[in-house]
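Undergrad: The following block contains the structure, expressed as C-alpha cells.
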Amino acid sequence: MSEGLFTQLLNLACGAFLLAAVVVLWRRELAAIVRLFALQGIALAAIALLLGLHEDRWGLIVVAVGIGALRAGLLPYLIRRALKAFVAERDGGHGGGEEARETQPLVNVAASLLTAAALTLLAYAVARPLVELDPTPATRALPVGLAVVLIGFFVLVTRRRALAQVVGFLLLDNGITATAFLAASGVPLIVELGVSFDVLLAVLVLQVLTVRVREAFGTTDIDDLRELHD
C-alpha cells in the first residue's frame with residue numbers, strides 16, 4: 001500500500017470515527033444511537049486494519065478483526081437486546097414509551113454539538129506537541145482519538161437514560177483504543193484482548209443492572225431514580 005493511499009484511507013476512517021461520535025449527540029432515538037456505535041466500531045476496526053496492512057503486522061490485523069466482531073457486532077447486539085426488552089414492555093401497556101428515546105438530556109442538541117466542536121478543537125490543541133514530535137500520518141490523526149474520548153465522556157455525563165450512558169462509556173473506550181493505535185501503532189494482542197473482555201464484561205453487567213432497575217422502578221431515567229431516593 002502506497003503512503004498516499006494509506007494516508008487518504010486512514011483520514012477517511014478517522015473522519016467516520018469522529019463523525020459517528022458527533023452524530024450520537026444529535027440523535028435522540030436509542031436505536032439510532034446503537035447503530036451509530038456499531039458504525040464507529042467498523043471505523044475503529046478499519047483504523048487498526050489499515051495500520052496493520054501498512055506496517056505488515058499480522059497481529060494488528062487479527063486485533064482489527066476482533067475489534068470489528070466485538071465492537072461492531074457483539075456489543076451493539078447486547079445493547080439492542082436490552083432496548084428491545086424495554087420496547088416490548090412498553091407495548092405491553094405499562095407506560096415508559098419514552099424509553100426508546102433520550103427525551104430530555106441535560107444539554108440540548110444545539111449546545112451539545114457546539115460543545116463537541118469545542119472539545120475537538122481542544123483535542124487538536126492538546127495533541128499538537130505530540131504531532132510535532134513525530135508527524136506521521138497516524139500521529140497526525142491522534143487528535144481524533146482524543147476528541148472521541150472527550151465526546152464519549154460528555155455523552156456519559158449528560159444523558160439520562162441508562163442505555164445512552166452505556167453507549168457513552170463505550171464511545172469513551174473506543175476513543176482510548178483509537179488513541180493507543182494512532183499513538184503507538186497498536187498495542188500487543190494480549191493487551192487488547194484483555195481490555196476487550198473487560199469491556200464486554202462491563203457491558204454485560206450494565207445490561208443486567210439496567211434490566212433490574214427497569215423491573216424494580218419502571219424507568220431508567222436518572223432524574224426519576226434520584227427523586228425516588230429523595
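The values are calculated or read from the model by the stated rules, or taken from the named source; none is laboratory data. Here the structure is a predicted model, which means the values were calculated and not measured. Reconstructed Cβ throughout: ideal geometry from the backbone, glycine too, with neighbour counts over all protein chains shown.
Undergrad: Would it be correct to say that Val63 is over 14 Å from the mean Cα position of the chain (by Cα) and buried (at least 22 other Cβ atoms within 10 Å of the Cβ)?
TA: Criteria met by Val63.
Undergrad: What's the number of the only condition in (1) surrounded by 15 or more Cβ atoms within 10 Å (Cβ to Cβ); (2) farther than 18 Å from Val149 by Cα; (3) touching a residue at least 24 places away in the same chain (Cβ under 8 Å); (4) of a type outside the set (S, T, N, Q) that Ala45 fails to meet?
TA: Going through the list (1) surrounded by 15 or more Cβ atoms within 10 Å (Cβ to Cβ); (2) farther than 18 Å from Val149 by Cα; (3) touching a residue at least 24 places away in the same chain (Cβ under 8 Å); (4) of a type outside the set (S, T, N, Q), Ala45 breaks only (2).
Undergrad: Picking from Leu30, Leu60, Leu51, which residue would you name as being closer than 23 Å to Arg161 by Cα and either modelled with pLDDT of 90 or more or out of contact with any His (no Cβ under 7 Å at 6 or more places or on another chain) (or both)?
TA: On inspection, the qualifying residue turns out to be Leu30.
Undergrad: Turning to a different aspect of this structure: Output the qualifying pairs, or none if there are none: Cβ atoms under 7 angstrom, residues six or more apart or on different chains, first residue in the stretch 143-167 and under 25 Å from Leu133 (Cβ atoms) and at pLDDT 95 or above, second residue in a helix (DSSP H, G or I) and among the basic types (Lys, Arg).
TA: From the stretch 143-167, no pairs qualify.
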